[in-house]
Amino acid sequence: MTSEAGREEEEISKVKIRSKTHVKPGKIIGRKECQLVTFDLPYLAFYYNQKLLFYKGGEFEEQVAKLKDGLRVILEEFYQLGGKLGNDEEGVFRVEYDDDMEGVEVLEAITDGLTVDQLAADESISSFKDLIPYNGVLNLTGLHRPLLSVQLTKLKDGLAMGCAFNHAILDGTSTWHFMSSWAQICRGSNSIAAPPFLERTKARTTRVKLELSFPPNPVASSNGHTDQAPQLREKFFRFSEAAIDKIKSKVNSNQPSAASKPFSTFQSLAVHIWQHVTQARCLKPEDYTVFTVFADCRKRVDPPMPDSYFGNLIQAIFTVTAAGLLLANPSDFGASVIQKAIEAHNAKAIEERNKEWEAAPKIFEFKDAGVNCLAVGSSPRFKVYNVDFGWGKPEGVRSGSNNRFDGMVYLYQGKSGGRSIDVEITLEAGAMELLEKDKEFLMQV
């Protein structure tokens, strides 16, 4: 680490929490209970989903007041985020809301000397840890803690907004629906574009009884960082519009047959990452490598659900091949493996997966994604840079340290706009060292 990087780390460690308050909906809601469904339950053993947005300029106290006022209003619609997890008399998990619950936790913090540009330039995420609450906190603890915690940190020249969402009650689509709606209210709108669709049992009605207990030491096992586990590194890679177009045209230049369906931007970028990560891991040709994508199923289920469906409506789609096959073949081979797996995941496949899980519920840990895995979460379709609360678009959007393991990838809309995509990757340190020197991966050739 350079002395400059060391100084930055030192500065960032000086985050001081000044106050903790709670925000509740601005009107009486009454008692509400909503059963968690099969799409939600596997995430009880994941960690809180953490997002960080940082903004330039503005007067901190005014921003905090505006955010809290907007939160009171938006929670009238998204009141489940102000509730808690609970169980009914049969042991079925649900999200509960009552007017006497404390609501959303809001922390106000200050940091000495840290600037927005320092955050934007940081390619790792280690320095963000103190800016986002609930590090190493399991979703199951939502039984007795808020389902959303927001930390607002005053920077030297702006505001950092760290959010921790309980992943057992919502996925990425719902997270960004909430964030953009909250921003819309803060910008002065009297209503939001699309109220949340809160009837999650319309997607699945099966009542699944679960008996869950906490692992011995959830914090020590967070992110797989134990004494035996290899050291992990995270890095942020930016792919320009031109680089994305080049990757896509290369993958599509070698179509398996004239009748083949063209590979999408996602499939093209996914195979690009999969191949180069596999190479960086120095796998043997016979080693298996698993590709996993957490796919939005709102339009895949029958009947389809609205985009505004609030909850988890995602499923992990897995596919596997040998490292040798993936690397020896042109990129269309891997793209075709991914494309076939995604297209096969229709309403029938979703129904079968749900029935299988309901018959023998298995609570996966977030790192159970498969051998030599590359797992893709989030989506460049989420308009993260449109989350403007009235003081401009964010200068950067990042994921926190929770739910990361060797091979976890988060994709974001690129800061530079257009078709650009930002990619966050977590890898074992040795593989990351090779990947960040790989000019073909970085599109510098």
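The values are calculated or read from the model by the stated rules, or taken from the named source; none is laboratory data. A quick note: this is a predicted structure, and the numbers were derived from the prediction, not measured. Here Cβ is always computed from backbone atoms with ideal geometry, including for glycine, and neighbour counts include all displayed protein chains. When the accessible area is computed, the model is the full protein with side chains, heavy atoms only, and any ligands, DNA or RNA have been set aside. Shrake-Rupley method; radii C 1.70, N 1.55, O 1.52, S 1.80 Å.
Observations, loosely collected:
- Prolate/oblate/rounded label for segment 15-203 (Cα gyration tensor, a/c 1.5): prolate
- On a per residue basis, the chain carries 42 Å² of accessible surface, using protein heavy atoms and a 1.4 Å probe.
- For the chain, DSSP calls about 80 percent of its internal beta bridges antiparallel.
- Placing +1 on the Cβ of every Lys and Arg and -1 on the Cβ of every Asp and Glu, with nothing else charged, gives the chain a dipole about its Cα centre of roughly 880 debye.
- Other residues within the sphere of radius under 13 Å centred on the Cβ of N87, judged by their own Cβ, net out at -2 (K and R +1, D and E -1).
- Listed residues L159, G136, T173: farthest to the positive end of the dipole of segment 126-194 (Cβ charges): L159
- Sorting the segments 325-338, 391-404 by their residues' average number of neighbouring beta-carbon atoms within 10 angstrom, most packed first, yields 391-404, 325-338.
- Given charges at Cβ of Lys, Arg, Asp, Glu: the chain dipole, positive-most of I342, T426, C373: I342
- Accessible surface of the chain [probe 1.4 Å, protein heavy atoms]: carbon and sulfur percent: 51 percent
- Charge tally in the Cβ shell below 10 Å around T153, where Lys, Arg are +1 and Asp, Glu are -1, T153 excluded: +1
- Cα-centre dipole for segment 233-437 with unit charges at Cβ (Lys and Arg positive, Asp and Glu negative), debye to 20: 440 debye
- Here's how it looks for F237: its modeled amide H is under 5 Å from those of V423, E424, I425, which are all 5 or more places away or on a different chain.
- Residue ranges 96-103, 423-430 sort as 423-430, 96-103 when ordered by packing (mean number of other C-beta atoms within 10 Å per residue, highest first).
- Residue pairs exceeding 20 angstrom between C-alpha atoms, taken from K27/K84; K129/K437; K51/K383; K14/K154; K250/K299: K129/K437; K250/K299.
- Placing +1 on the Cβ of every Lys and Arg and -1 on the Cβ of every Asp and Glu, with no other charges, gives segment 15-203 a dipole of roughly 240 debye about its Cα centre.
- Burial ranking of peptide ranges 81-93, 171-183 (average Cβ count within 10 Å, highest at the top): 171-183, 81-93
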